[in-house]
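Structure first, then comments.
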Amino acid sequence: MLDAQAHFEQIRDTLPGDGQARAATLAAAEAVGLPTRRVESWHYTDLARLLKSGETAVVRAVDFSSVEALEAHFENGVLQSEPQADGLQITPFLGTLASPDAPSPDNVMANYNHALAQNGLTAEVSGTLAHPLVIRTSGSEPVHLAHKISLAAGAKAVLVDDHMATGYSNVVFDITLGEGAELTLLRSQQAGHQVGLSHVTLEQDAKYKSVAMISGGTLARHEAHVSLKAAQAHAELHSAVLGHGLSKAATHADFTYVIEHQAADTSSHTSAYNVLDGNARGVFQGKIIVRPDAQRVDAQMQTRAMMLSEGAEMDAKPELEIYADDVVCAHGSAIGELDRDALFFLRSRGLDEASARHLLVAAFLEQVTTHIDDEGLSEIMRGLVDAKINTLLGNFNGGASA
């Protein structure tokens, strides 16, 4: 497990910004300590225990050359390549993002990031990016990254968070969408222990879509706070998990969302699909908040899980907190095994059992990948999903993973 104070002493001379302010923030965070299961938002994720667990990482390099992606590559926290394009302005990382609130058990990980962030991408998009912008994270050392992404009014972009690091990562995204701006954020985590936090703010007519794929890693904790601040703002958050492994090396994937409708005539759509084998665990916590003046809100949330073994676990906790009366809001949750009738049907049509299982799992997860609008990126991610399903089902032996 990472010793934050020792890590700070080791890297403090290389950190940009106000060193004394960083030290003070770290001291305040250390006084609170890591969140425990007694903290409601961390109830299903025992962070201290999970950070002690190990893994055997299987990382598949993803080639984005077919979509001519712009790449910002961070290896062990060091920026290796910086993208350049019309409508994209990159500024040097001068320190952390805006100071978070005073440390509390709920937000202490953001404070650790504020104290320890050694790098990050600070990018402003002023037009329409012709190609996806990829932030690639690799390496095995502990890293803290703080990314700030701003889209001006009317700007459009596709952002890819390609997480391949095998060590511990604490990553914060601060995303601001101006009036009429549109951003699609595609996420992929294949390895490591990642604690991620995204703050997303949407102005009038802005559109935000997040599509996340967790296909490896011992810990994936992705928390998002989305604020829809003006009319016609729309947010979508979709996630897929392929969890596997036994005991301490099993995948633990936690998606925790707070979607706040602050204005009337806003909408959101959230979905989560989990395929869990071995001792893998999936967590979905989603809260929709509708403020008193936010009339005519449409907010939908659903989570589904396919359990491939008796040792797998899924925890789902959707919530609605509504203070307006003219709204259409709903949530739902379903957890079950692989459909035996569907498997029998496919076998009766000549498919062997392995092919039939692959087809059913792929069809289940297609309900997430179908939200990727860019055809090139969609094909890339389907290729990754297909390879990961082969790895997952290759370990299947009728109820347990080897």
Quick check for the chain: number of Lys pairs with alpha-carbon distance under 18 Å, counting only pairs 8 or more apart or on different chains? 11
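If you take every DSSP beta bridge whose two residues both sit in region 1-137, what share of them, in percent to the nearest 5, is antiparallel? Kindly include the intermediate steps, with their values, before the conclusion.
Values: 8 of 13 bridges.
Antiparallel: roughly 60 percent of the beta bridges in region 1-137.
When a footprinting reagent is the concern and you count Cβ atoms within 10 Å, what order do K388, K209 take, fewest first?
Details: K388 24, K209 19.
Taking fewest neighbouring Cβ atoms as first place, the list is K209, K388.
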With the crude spin-label approximation of a point 7 Å out along Cα→Cβ, what separation in nm comes out for L94 versus R340? 6.4
Towards the positive end of the charge dipole of region 56-158, with charges on Cβ (+1 Lys, Arg; -1 Asp, Glu), say which of A153, A72, A61 has the farthest Cα. A153
Can you give the Rg and Dmax of region 4-394 based on its C-alpha atoms, in angstrom? 20.5, 69
Go from 0 up to the bin containing the longest alpha carbon distance in region 241-319, width 10 Å each, and give me the % of pairs per bin. 20, 39, 23, 14, 5
What whole-number distance in Å separates the alpha-carbon centres of region 11-69 and region 333-360? 38
What's the magnitude of the charge dipole for the chain around its Cα centre, counting Lys and Arg as +1 and Asp and Glu as -1 at the beta-carbon? Answer in Debye, nearest 20. 860
Here D for region 264-389, in µm²/s, from Stokes-Einstein with a Kirkwood Rh over Cα pairs at 4 °C and 1.567 mPa s, works out to 77
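Using Cβ contacts closer than 10 Å as the measure, can you line up F344, F93 from fewest to most? Could the numbers behind the result be given before it?
On the way: F344 11, F93 19.
Ordered from fewest to most neighbouring Cβ atoms within 10 Å, F344, F93 come out as F344, F93.
Before rounding to the nearest 500, sum -39500 (n - 2.57) across all DSSP H runs of length at least 4 in the chain and divide by the residue total; then give [θ] at 222 nm in deg cm²/dmol.
Numbers: 7 runs with 81 residues, N = 402.
That comes out to -6000 deg cm²/dmol.
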Computed P(r) (all Cα pairs; region 112-183; 10 Å bins; percent): 19, 46, 26, 8
Of H358, Q232, M381, which is farthest on the positive side of the dipole of the chain, counting Cα position, with +1 on Lys and Arg Cβ, -1 on Asp and Glu Cβ, and the Cα centre as origin? H358
Nearest-0.05 FRET efficiency for E366 and A31 at R0 = 51 Å, using Cβ-Cβ distance, is 0.65
With label points set 7 Å from each Cα along the Cα-to-Cβ direction at D46 and A102, the distance between them in nm comes to 3.2
Project the alpha carbons of region 1-152 onto their principal axes and report the range along each, largest first, in whole Å. 46, 38, 31
How much length would be gained if the chain were fully extended between S378 and K248, taking 0.36 nm per residue of separation minus their Cα-Cα distance, in nm to one decimal? 43.6 nm
For the chain, set up a GNM with springs between Cα atoms under 10 Å and report which of K52, K148, K229 has the largest fluctuation. K52
For 80-86, 67-73, ranked highest to lowest by mean beta-carbon neighbours within 10 Å, the order is 67-73, 80-86
Along the Cα-to-Cβ line of R296, 7 Å from the Cα, sits a label point; which residues in region 237-265 have backbone N less than 16 Å from it? 262-265
If the chain between D326 and R349 were fully stretched, how many nm would it gain, using 0.36 nm times the residue separation less the Cα-Cα distance? 3.4 nm
If you rank R340, R291, R296 by fewest surrounding Cβ atoms within 10 Å, what's the result? R340, R296, R291
Region 107-181 and region 200-221: distance between their alpha carbon centers, rounded to Å: 11
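Since every read-out is calculated from the coordinates, none of them should be taken as a lab result. Please read these numbers as outputs of a predicted model, since none were measured by experiment. FYI the Cβ positions are ideal-geometry reconstructions off the backbone, even for glycines, and counts take in every protein chain you see.
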